[in-house]
Amino acid sequence: MFKTIKKFGPAVLASAIGLCLSACSGSATDTCSDVTTGKNKLAKAQKEIGGFKKGNTAHYVHSDGFEFDLTVTTDTNYFATYRNFCIEIDKEVQKRVLTSTDPALSVEVVLEADGEHHSTLAFSYGGTDYKFNVDSTQMFDEKNHVELLDTITFNGVTYDSVYAVICNSHFYYYDDDTREYNVPTTPLTYLYFSFKKGILKFETEDGKEFTIKEGDEKD
């Protein structure tokens, strides 16, 4: 279902080198004439993905048998500066933290503007991380390790347009030094995510999971 990807392929590498050569002061030195691009901003619609508004709460059932609520307790917005060779880029970042007091549990959700009409969502809980691009024109690129499901049912409720994202640790990549593929040996771990409802199911690296639990009505 998911294809392998090549890490730092020739086209990407050539592009990166070209950027550096155009911005560096000379091939004989390591100094750069810094180039600062404009700010990459998040669109309003992008910021609303997942409905992670401060104070919003969703109810979940854990694979260990207990139920709990996750509440958005932190919702911050800021610009972060990233450096790529001699190029400095300012990206708008929306950071949310979803927490539960009993049990003590915290999920971090970070939305980052990677360019015009293009953003990346990252999810982190304990030692489990997920990340995928939310640009509609590139959503189904194999590099994103994501599949769009027409429908899926959790705890009696059917959800439409759900993204099944593979955990970062399961990414296949080609190592140019060893000339071999890095192939995960552990079972695949998934995040199920809805643009409207947010996190529907979160599977962790230690074999646990928590799944949204709502009423009997269809989404």
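The values are calculated or read from the model by the stated rules, or taken from the named source; none is laboratory data. Worth saying up front: this structure is predicted, and the values here are computed from it rather than measured. Virtual Cβ from ideal backbone geometry, glycine too; neighbours counted across all protein chains shown.
Odds and ends about this structure:
- Residue match in the stretch 124-140 (condition: at pLDDT below 90, closer than 18 Å to Leu200 by Cα and aromatic (Phe, Trp, Tyr)): yes
- Condition check for Thr158: modelled with pLDDT of 85 or more, farther than 25 Å from Lys44 by Cα, out of contact with any Phe, Trp or Tyr (no Cβ under 8 Å at 6 or more places or on another chain) and part of a strand (DSSP E or B): yes
- Of the criteria (1) on the phi > 0 side of the Ramachandran plot; (2) modelled with pLDDT under 95, which one Ala113 fails: (1)
Okay, residues lined up against (1) within 19 Å of Asn40 (Cβ to Cβ); (2) buried (at least 17 other Cβ atoms within 10 Å of the Cβ):
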residue: Thr71; (1), (2): no, no
residue: Tyr78; (1), (2): yes, no
residue: Thr81; (1), (2): yes, no
residue: Glu88; (1), (2): yes, no
residue: Glu92; (1), (2): yes, yes
residue: Thr101; (1), (2): no, no
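- The stretch 192-219, subset surrounded by fewer than 17 Cβ atoms within 10 Å (Cβ to Cβ) and among the small types (Gly, Ala, Ser), residue modelled with the highest pLDDT: Gly207
- The set of residues from the stretch 38-60 being surrounded by 12 or more Cβ atoms within 10 Å (Cβ to Cβ) and of a type in the set (Ser, Thr, Tyr) comprises just one member, Tyr60.
- Of the residues making up the stretch 40-51, none is at pLDDT 95 or above, among the hydrophobic types (A, V, I, L, M, F, W, C) and under 27 Å from Lys201 (Cα atoms).
- Taking the stretch 32-133 as the region of interest, the strands (runs of 3 or more DSSP E) fully inside it that hold 2 or more residues being of a type outside the set (S, T, N, Q) and in contact (Cβ under 8 Å) with a residue 60 or more places away in the chain are 57-62, 67-84, 87-100, 105-115, 118-125.
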